[in-house]
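Everything on this sheet refers to the single structure shown next.
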Amino acid sequence: MPQIDNPLADNTLRIILPGKLIDGVADKVQEGMAVAIQGSAIRWAGPASEAESLDSAGAPRETLHFPGGTLLAGLFDIHTHTNMPGDGRTGEQVNDDDNDEIRLLRSARNSTAAVASGVTTMCDCGSWGRTAFALKEGLAQGLVEGPRVLVSGPPLTVTGGHLWYMGGEADGLDAVRARVRYLIKQGADFIKIAASGGSTLTSDPYRASYSVAELTAIVEEAHNRGRSVLAHCRCTDAINAALDAGVDAILHCSFYDNDGSYRYDDKTAGRLAASEVWLNPTMGLGNANRTRLAKIKTERALTADEEVRLERSTSSGERSLAQFTALVKAGVKLVGGSDCGWSYYPFGDFQGEIMTLHAAGLSAIEAIHAGTRSPAAALGIDNIIGTVEAGKEADLLVVNGDPTQNMENLRDVAAVFKGGDRVATAKERAGAG
Ligand SMILES: [Zn+2]
């Protein structure tokens, strides 16, 4: 479970006076509010007029004014891959070209980029060998600057299945049980399963990879140790198997049949809506790819290969948006996860994914909840983080403007606090703060 105490935080009582507050509890933006933090925790939240009478118990006081800003809980990205460069290299390339030492250094750099962008917690949903566990140790020792990072280690996958090269192959009931126990022994905060194939060349994205019995054994072992289970599902069969097994979150969740054709499946949609499972659409990833290609297109002609990729990505993006728009209407629960590090999605813009949830029909404030409190609920740590409430960790984000009026404002980061410590923003690091 994530480390919550922060010995480096000083004891100053910091009173933050934002123009607006999105606390994650009320389903509206509030004005005239203040939030007090001390040590690593949120001490108090209430009307600004009452902030002056707070007793600092002899500790120094400091008041921070953000009159044009909105204060919200720090962002929580439920789906990242810190080993990956986000520069278009495939998993196979990173497996062949790099080693664990280089991948770990990249994880450190990506973690810093994430926290500077306002992400104060993230899940690493698949990394090589021991690298994610080492990253956590480095963060805990203060060697690396980053968010709270919850890690799965190498995802459970069948022989030759998606992400096999990370080291998590396990087949059969005994082997998957042993693998979950081993990962928890190493420090896994949650369990990630490749329940279908994916981009990995030896895998088939349109087939379920594990049997329901194997998935059920994995979920049983994980839940028995208080760990949530996140399942990568790129086809309808895998989604239904994951639902049968009782996983906590389904990543990608796309409705493809075994022959690779897309078909919106009403029956599966109904099951998803009736269940408590969280869905992570990862639509920001396709957007990042298309934005990149569109930008290149303004500079030069695309190659034939790039044209094909743009076309394919545009149609799959349209299908995905239509699917999740329908699923939101059906009543599913969405959760924000960028899948950054993968493909051409570098760390530092989880906001792009949150905006796609708004595009799929969540209100702006619901989309913000999906990027703050909902991932915390999915991971079972909403008692510690995810909302701006007294007693929770002081993981906070201040953005300029009101993101419920214009979601682009989420990218205009004014201040980041993690466990009560103020962290330099990306803009400040670039010297433009
Ligand atoms: Zn992923």
Leading residue by the ranking (farthest from the ligand (Cβ to nearest atom)) among those in the range 44-94 that are of a type in the set (V, I, T) and surrounded by fewer than 17 Cβ atoms within 10 Å (Cβ to Cβ): T63
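With respect to L156, is the statement that it is within 14 Å of the ligand (Cβ to nearest atom) and crowded, with 23+ Cβ neighbours inside 10 Å true? Please lay out each step first, then the result.
On the way: within 14 Å of the ligand (Cβ to nearest atom): yes; crowded, with 23+ Cβ neighbours inside 10 Å: yes.
So L156 passes the test.
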Some residue of the range 238-260 being crowded, with 18+ Cβ neighbours inside 10 Å, in a helix (DSSP H, G or I) and more than 24 Å from the chain's Cα centre (by Cα): no
Any hit, the range 246-256, residues being over 23 Å from L334 (Cα atoms) and free of Cβ contacts under 8 Å to residues at least 60 places away in the same chain: no
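Filter the range 279-293 down to the residues that are touching a residue at least 40 places away in the same chain (Cβ under 8 Å) and either within 16 Å of the ligand (Cβ to nearest atom) or surrounded by fewer than 13 Cβ atoms within 10 Å (Cβ to Cβ) (or both) and list them by number. Walk me through it before giving the result.
Going residue by residue through the range 279-293, those that are touching a residue at least 40 places away in the same chain (Cβ under 8 Å) are 279-285, 287-289, 292.
Selection gives L279, N280, P281, T282, M283, G284, L285, N287, A288, N289.
Here's a check for you: in the range 294-342, which residue that is on the phi > 0 side of the Ramachandran plot and within 16 Å of the chain's Cα centre (by Cα) is nearest to the ligand (Cβ to nearest atom)?
Quick first cut of the range 294-342, residues on the phi > 0 side of the Ramachandran plot only: 331, 339, 341.
With the extra rule that they be within 16 Å of the chain's Cα centre (by Cα), the set shrinks to 339, 341.
Details: D339: 4, G341: 8 Å.
Among those that are on the phi > 0 side of the Ramachandran plot and within 16 Å of the chain's Cα centre (by Cα), it is D339.
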Lone unmet requirement of (1) crowded, with 24+ Cβ neighbours inside 10 Å; (2) over 27 Å from Y210 (Cβ atoms); (3) touching a residue at least 40 places away in the same chain (Cβ under 8 Å) for G146: (3)
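Give the residue, chosen from Y165, Y182, that is outside any loop (DSSP other than H, G, I, E, B), more than 18 Å from A245 (Cβ to Cβ), hydroxyl-bearing (S, T, Y) and more than 16 Å from the ligand (Cβ to nearest atom).
Details: Y165 fails: more than 16 Å from the ligand (Cβ to nearest atom).
Y182 is the lone residue from the list that is outside any loop (DSSP other than H, G, I, E, B), more than 18 Å from A245 (Cβ to Cβ), hydroxyl-bearing (S, T, Y) and more than 16 Å from the ligand (Cβ to nearest atom).
Residue-by-condition table, conditions (1) modelled with pLDDT of 95 or more; (2) under 23 Å from A322 (Cα atoms); (3) not small (G, A, S):
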site: I191; (1), (2), (3): yes, no, yes
site: R234; (1), (2), (3): yes, yes, yes
site: D237; (1), (2), (3): yes, yes, yes
site: A245; (1), (2), (3): yes, no, no
site: A249; (1), (2), (3): yes, yes, no
site: C253; (1), (2), (3): yes, yes, yes
site: R263; (1), (2), (3): yes, yes, yes
site: A273; (1), (2), (3): yes, yes, no
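I'd like to know if the range 122-143 contains one or more residues that are closer than 30 Å to Q405 by Cβ and either outside the structural domain of L410 (by TED's automatic domain parsing) or within 16 Å of the ligand (Cβ to nearest atom) (or both).
Our first condition is that a residue be closer than 30 Å to Q405 by Cβ; within the range 122-143, this holds for 122-123.
Cutting the leftovers down to either outside the structural domain of L410 (by TED's automatic domain parsing) or within 16 Å of the ligand (Cβ to nearest atom) (or both) gives us 122-123.
Among the residues of the range 122-143, at least one is closer than 30 Å to Q405 by Cβ and either outside the structural domain of L410 (by TED's automatic domain parsing) or within 16 Å of the ligand (Cβ to nearest atom) (or both), which makes the answer yes.
Which residues, counting only those in the range 394-418, are part of a helix (DSSP H, G or I), surrounded by fewer than 24 Cβ atoms within 10 Å (Cβ to Cβ) and in contact with a strand residue (DSSP E or B) (Cβ under 7 Å, 6 or more places away or on another chain)?
Initial filter on the range 394-418 (part of a helix (DSSP H, G or I)): 407-411.
Now drop any that are not surrounded by fewer than 24 Cβ atoms within 10 Å (Cβ to Cβ), which leaves 407-409, 411.
Listed by number, the list holds a single entry, N409.
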Test: G88 is under 30 Å from I365 (Cα atoms), in contact (Cβ under 8 Å) with a residue 40 or more places away in the chain and not in a strand (DSSP E or B): no
Selection within the range 95-105 - under 27 Å from R429 (Cα atoms), surrounded by fewer than 21 Cβ atoms within 10 Å (Cβ to Cβ) and not β-branched (V, I, T): E101, L105
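Consider A359 carefully, then state whether it is more than 13 Å from the ligand (Cβ to nearest atom) and either surrounded by fewer than 19 Cβ atoms within 10 Å (Cβ to Cβ) or closer than 14 Å to L279 by Cα (or both). Write out each step before concluding.
Numbers: more than 13 Å from the ligand (Cβ to nearest atom): yes; either surrounded by fewer than 19 Cβ atoms within 10 Å (Cβ to Cβ) or closer than 14 Å to L279 by Cα (or both): yes.
Answer is yes for this residue.
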Which listed residue, of T159, T131, T120, is out of contact with any His (no Cβ under 7 Å at 6 or more places or on another chain), of a type in the set (S, T, Y), at pLDDT 95 or above and under 25 Å from E353 (Cα atoms): T120
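Going by the conditions given, is G391 surrounded by fewer than 18 Cβ atoms within 10 Å (Cβ to Cβ), at pLDDT 95 or above, over 15 Å from the mean Cα position of the chain (by Cα) and not assigned by TED's automatic domain parsing to the domain that holds I250? Can you show your working first?
Details: surrounded by fewer than 18 Cβ atoms within 10 Å (Cβ to Cβ): yes; at pLDDT 95 or above: yes; over 15 Å from the mean Cα position of the chain (by Cα): yes; not assigned by TED's automatic domain parsing to the domain that holds I250: yes.
Yes, satisfied.
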Residue count, the range 167-207 (criterion: surrounded by 22 or more Cβ atoms within 10 Å (Cβ to Cβ), out of contact with any strand residue (DSSP E or B) (no Cβ under 8 Å at 6 or more places or on another chain) and within 21 Å of L379 (Cβ to Cβ)): 0
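The values are calculated or read from the model by the stated rules, or taken from the named source; none is laboratory data. All values derive from a computational prediction rather than experimental measurement. Positions of Cβ are backbone-derived with ideal geometry, glycine not excepted, and every protein chain shown enters the neighbour counts.
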